[in-house]
Amino acid sequence: MQYVPSNVMTEERVPVEIVPYQPQYRDAFRTLNEEWLTEYMEIEPEDRRVLADPEGTILAGGGVIVLALDDARPIGTGALINEGNGKYELAKMAVTGSYRGQGIGRRIAEQLIETARALGAREVELVSATLLPAATPLYRKLGFVEVPLGDNPYARADIRMTKTL
């Protein structure tokens, strides 16, 4: 797996280290995603499938998972899912509640976009839900543009966005 390391302090105040996934972070990856899903919506079958086996569903296919750590404690995560032909999906973005609004999600997304670029990606896409208060504005600031939703495995998804690299 190619990975662009980051040891960055966010613009705000929390020193955050962004590290590649290791098996010791499996439960944190699942828990961080389940936290936001149950706060805003519900866990769907595709979530269960991916969160139960991130190694098989994301990493084995050439994808990447990162975790944001505050003093070695996982506080955020995100993934790139390899869709083939130079396209990756930005997915499973999550920051634990007490750390939201501090730029950590932005740092995770920026790290994953840079990693996609290093992997030779031409495009990064995502599906999201516009009811998430910070998600769509963040993605727009990062240069994602809305495209037709099309097919996707999530009932909650009501927006698809892409970014050309």
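The values are calculated or read from the model by the stated rules, or taken from the named source; none is laboratory data. Remember, predicted model here, so these are calculated numbers, not experimental data. Positions of Cβ are backbone-derived with ideal geometry, glycine not excepted, and every protein chain shown enters the neighbour counts.
Of all residues in segment 35-46, count the ones that are assigned to a helix (DSSP H, G or I), of a type in the set (D, E, K, R) and either surrounded by 12 or more Cβ atoms within 10 Å (Cβ to Cβ) or modelled with pLDDT of 95 or more (or both). Walk me through it before giving the result.
Initial filter on segment 35-46 (assigned to a helix (DSSP H, G or I)): 35-40, 45-46.
Within this subset, residues satisfying the condition of being of a type in the set (D, E, K, R) are 35, 39, 46.
From the residues that got through so far, the ones that are either surrounded by 12 or more Cβ atoms within 10 Å (Cβ to Cβ) or modelled with pLDDT of 95 or more (or both) too are 35, 46.
Total meeting the criteria: 2.
Name the strands (runs of 3 or more DSSP E) wholly inside segment 47-155 in which the number of residues that are small (Gly, Ala, Ser) is 2 or more. Walk me through it before giving the result.
Numbers: elements: 64-70, 73-84, 87-95, 123-128, 145-147.
Result: 73-84, 87-95.
Within segment 68-79, does at least one residue satisfy the condition of being of a type in the set (Val, Ile, Thr), touching a strand residue (DSSP E or B) at 6+ places or on another chain (Cβ under 7 Å), surrounded by fewer than 23 Cβ atoms within 10 Å (Cβ to Cβ) and under 20 Å from residue 129 (Cα atoms)?
No: zero hits.
What number of residues in segment 156-165 are within 16 Å of the chain's Cα centre (by Cα) and assigned to a loop (DSSP other than H, G, I, E, B)?
So the first thing to find is which residues in segment 156-165 are within 16 Å of the chain's Cα centre (by Cα), and the list is 157, 159-163.
Narrowing the set further to residues that are assigned to a loop (DSSP other than H, G, I, E, B) leaves 157.
Matching residues across segment 156-165 total 1.
Can you tell me which residues in segment 128-162 are charged (D, E, K, R) and touching a Lys or Arg at 6+ places or on another chain (Cβ under 6 Å)? Explain how you work it out, then say what you get.
To start, the set of residues in segment 128-162 that are charged (D, E, K, R) comprises 140-141, 146, 151, 156, 158, 160.
Scanning segment 128-162 gives no hits.
Can you confirm whether residue 60 is at pLDDT 95 or above and loosely packed, with under 15 Cβ neighbours inside 10 Å?
Working: at pLDDT 95 or above: yes; loosely packed, with under 15 Cβ neighbours inside 10 Å: yes.
The answer is yes for residue 60.
What are the residue pairs meeting all of these: first residue in segment 96-123, first residue under 15 Å from residue 83 (Cα atoms) and touching a residue at least 40 places away in the same chain (Cβ under 8 Å), second residue among the hydroxyl-bearing types (Ser, Thr, Tyr) and in a helix (DSSP H, G or I), Cβ atoms under 9 Å, and 6 or more apart or on different chains?
Final answer for the pair search is 121/115.
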